[in-house]
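Written out below as C-alpha cells is the structure these notes cover.
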Amino acid sequence: MFSSLRVRNYRLFATGQVVSNTGTWMQRIAQDWLVLSLTGSASAVGITIALQFLPMLLFGLYGGVLADRLPKRPLLITTQAAMGLTGVALAVLTLTGQVQVWHVYLIAFLLGLVTVVDNPARQTFVAEMVGPHQLANAVSLNSANFQSARLVGPAVAGLLITAFGSGWAFLLNGLSYAAPVAGLLLMRPAELYPTTVQPRAKGQLREGLRYVAGRPDLVWPIVLVGFIGTFGFNFPIWLSAFADDVFHGDAGTYGLFNTLIAVGSLAGALLAARRGRSRLRLLVAAAALFGALEVVTAFAPGHWLFAALLVPIGMFGLTVNVVANSSVQMATDPEMRGRVMALFMMVFTGGTPLGAPLVGWITDHFGPRIGMAAGGAVALAASVVVGLVLARVGDLRMRVTRHGVVFVPAPRGATLAA
C-alpha cells in the first residue's frame with residue numbers, strides 16, 4: 001500500500017504536499033464561507049468556484065504543452081511559491097477588513113491561472129520521482145495525501161472561522177506552501193527518472209489532441225470524468241447550502257460535512273493503492289454508484305443520515321478520480337503525458353465553470369436537495385452511457401448473472417452492431 005514512499009524524493013514531495021494540502025482545504029472552506037457571508041447566495045459560491053477553474057478550461061491544454069517543454073522540478077518550485085502568494089494576499093485583505101466579494105473572485109481567478117501549469121506538471125512529475133513500476137501506487141497515495149489533509153483542513157478551518165474569522169485560515173494556507181518548495185529544493189536530481197523535454201515546435205497542441213482522439217482507452221475515461229467533474233463534484237455549493245439552509249448550522253457544520261467526505265475519500269484512495277492495476281470497468285462501476293448515492297443522499301430526511309451517506313460518496317468519488325488518473329497516465333507515452341494529463345485535468349476541473357453556476361442557480365431556485373440530485377443524476381447517466389460505449393468498443397456484451405450485471409467477450413464472429 002505504501003511502497004512508493006520508499007523513494008526518498010517522493011517522501012519529500014509527499015511530506016510537503018500534505019502540509020500545503022491541509023492549507024488548501026482550510027482556504028477552500030474559508031473562501032466558500034466568506035463568499036456566502038458576504039453575499040448570502042449559493043450562486044456567488046458557484047461563481048467563485050467557476051472563476052477558479054475557468055483558466056483551466058480556457059488555457060489547460062497550453063499548460064500541458066509547457067509541462068512537456070520545461071523541466072518540471074524548477075517549474076513546480078515557481079508555481080507552488082506563486083500559489084502561496086495568493087493565499088497571503090487574500091489573508092491581508094480579510095484581516096484588514098477591506099475584503100469585498102470581487103477581491104475573492106479576482107484571487108480565485110489568479111490562483112486558477114497558476115494551476116493551469118502546476119496541475120499537469122505536478123501530475124506528470126510523479127512518474128519522474130518513482131518510475132513506471134510504482135506509478136499507480138504513487139498516484140493513489142497522492143490522492144490519499146490530499147484526502148488526509150482534507151480530514152484536518154476543514155475541521156481546523158471551521159474552528160478558526162468560528163473563533164477568529166476567515167483571514168487566519170487564508171494566512172496559514174499561504175505560509176503552508178513553504179513546505180512543498182522546501183521538499184522540491186531538497187530532492188536529489190540524480191535519483192529522478194526525467195523524461196525527455198520536448199523542444200518548442202509548431203503543432204504540439206494539435207499533436208496531443210490527435211494522439212488522444214486515436215485512443216478510445218483514453219477518450220472515454222476522460223469524457224466520463226468530464227461529466228462527473230462538471231456536474232457531480234459541486235460539493236462546496238451543496239454542502240454549504242445544506243449546512244446553512246437545510247440543517248441551519250454554521251461553519252463547523254460545513255467543516256464536518258467536508259471532513260466526512262474526506263473520510264470516505266481517504267478510504268477509497270488507500271483501497272486503490274492496494275490494487276496493482278486500474279481497470280476501466282471499475283471506473284464505470286464506481287462512477288455509477290457515486291451518482292446514485294448523490295441522488296439518494298439529496299433526499300436524506302435527517303442531518304445524521306445525510307452526514308453518514310457522505311462517507312461512501314467520498315469513497316466512490318475518489319475511486320473514480322484515482323482509477324481514471326492512473327489508467328490514463330499508464331496508457332500514455334511519456335513524451336505525451338503532459339499534454340494528455342492537461343487535457344484530463346482540463347476536462348475534469350475545467351468543466352466546473354460551466355457546471356458550478358448552473359448547479360448554483362438550480363440550488364438557489366429549487367433548493368439544495370434538487371440541486372444535488374440533479375448533479376448525481378447526470379453522473380449516473382454518463383456512467384451508464386460510457387460503460388455501454390466502452391463495452392461496444394471492446395467487443396463486449398452485457399450479461400445478467402446471479403452475481404449481477406457483467407460484461408463478457410462477444411461470441412466469435414459477432415459484429416459490433418450486434
**Message:** Within region 64-74, does at least one residue satisfy the condition of being at pLDDT 90 or above and either among the hydroxyl-bearing types (Ser, Thr, Tyr) or within 19 Å of residue 165 (Cβ to Cβ) (or both)?
**Reply:** no
**Asked** Hey, residue 329 hits all of (1) modelled with pLDDT under 85; (2) surrounded by fewer than 15 Cβ atoms within 10 Å (Cβ to Cβ) but one; which does it fall short on?
**Response** (2)
**Residue, nearest to the chain's Cα centre (by Cα), within region 141-161, restricted to residues that are surrounded by fewer than 23 Cβ atoms within 10 Å (Cβ to Cβ) and modelled with pLDDT of 80 or more** = 156
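Mind checking which residues of region 306-326 are β-branched (Val, Ile, Thr) and open to solvent by 10 Å² or more (accessible area, probe 1.4 Å)? Spell out the reasoning first.
Of region 306-326, the ones β-branched (Val, Ile, Thr) are 311, 313, 319-320, 322-323.
Matches in region 306-326: 311, 319.
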**Item:** Pair list, Cβ under 9 Å, 6 or more apart: region 237-253 residue closer than 14 Å to residue 368 by Cα, other residue of a type in the set (Asp, Glu) and in a helix (DSSP H, G or I)
**Value:** 237/32; 238/294; 239/32; 240/32; 241/364
**region 21-80, residues that are surrounded by fewer than 19 Cβ atoms within 10 Å (Cβ to Cβ) and within 19 Å of residue 92 (Cα to Cα)** = 37, 38
**Request:** Report yes if some residue within region 213-228 is open to solvent by 10 Å² or more (accessible area, probe 1.4 Å) and under 25 Å from residue 306 (Cβ atoms); otherwise report no.
**Result:** yes
**Item:** Of the criteria (1) open to solvent by 20 Å² or more (accessible area, probe 1.4 Å); (2) at pLDDT below 80, which one residue 338 fails
**Value:** (1)
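Filter region 162-192 for residues that are closer than 16 Å to residue 8 by Cα and part of a loop (DSSP other than H, G, I, E, B); which is least open to solvent (accessible area, probe 1.4 Å)?
187
If I go through region 348-367 residue by residue, how many of them are closer than 29 Å to residue 115 by Cα and open to solvent by less than 50 Å² (accessible area, probe 1.4 Å)?
Here the count works out to 13.
Looking only at residues that are more than 22 Å from the chain's Cα centre (by Cα) and closer than 13 Å to residue 373 by Cα in region 293-305, which one is surrounded by the most Cβ atoms within 10 Å (Cβ to Cβ)? If you could, list the steps in order and put the result at the bottom.
To start, the set of residues in region 293-305 that are more than 22 Å from the chain's Cα centre (by Cα) comprises 296, 299-305.
Retained after the next criterion (residues that are closer than 13 Å to residue 373 by Cα): 296, 299-300.
On the way: 296: 15, 299: 11, 300: 18.
Step by step, filter region 293-305, then rank; the result is 300.
Answer yes or no as to whether residue 84 is surrounded by 24 or more Cβ atoms within 10 Å (Cβ to Cβ), in contact (Cβ under 8 Å) with a residue 60 or more places away in the chain and not in a loop (DSSP other than H, G, I, E, B). Give the steps one after another, and end with the answer.
Values: surrounded by 24 or more Cβ atoms within 10 Å (Cβ to Cβ): no; in contact (Cβ under 8 Å) with a residue 60 or more places away in the chain: yes; not in a loop (DSSP other than H, G, I, E, B): yes.
In short, no.
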**Prompt:** Is it true that residue 138 is at pLDDT below 80, part of a helix (DSSP H, G or I) and more than 15 Å from residue 20 (Cα to Cα)?
**Reply:** no
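Looking at region 114-134, is at least one residue among the hydroxyl-bearing types (Ser, Thr, Tyr) and closer than 22 Å to residue 326 by Cβ? Step through it out loud before you land on a result.
Pass one, region 114-134, residues among the hydroxyl-bearing types (Ser, Thr, Tyr): 115, 124.
Next, only the ones that are closer than 22 Å to residue 326 by Cβ stay: 115, 124.
Among the residues of region 114-134, at least one is among the hydroxyl-bearing types (Ser, Thr, Tyr) and closer than 22 Å to residue 326 by Cβ, which makes the answer yes.
The values are calculated or read from the model by the stated rules, or taken from the named source; none is laboratory data. All figures in this text were calculated on a predicted structure; none of them were measured in a lab. Every residue, glycine among them, receives a Cβ derived from its backbone with ideal geometry; neighbour counts consider all protein chains shown. Each accessible area value is taken on the protein alone, full model and side chains, heavy atoms only, with ligands, DNA and RNA left out. Shrake-Rupley method; radii C 1.70, N 1.55, O 1.52, S 1.80 Å.
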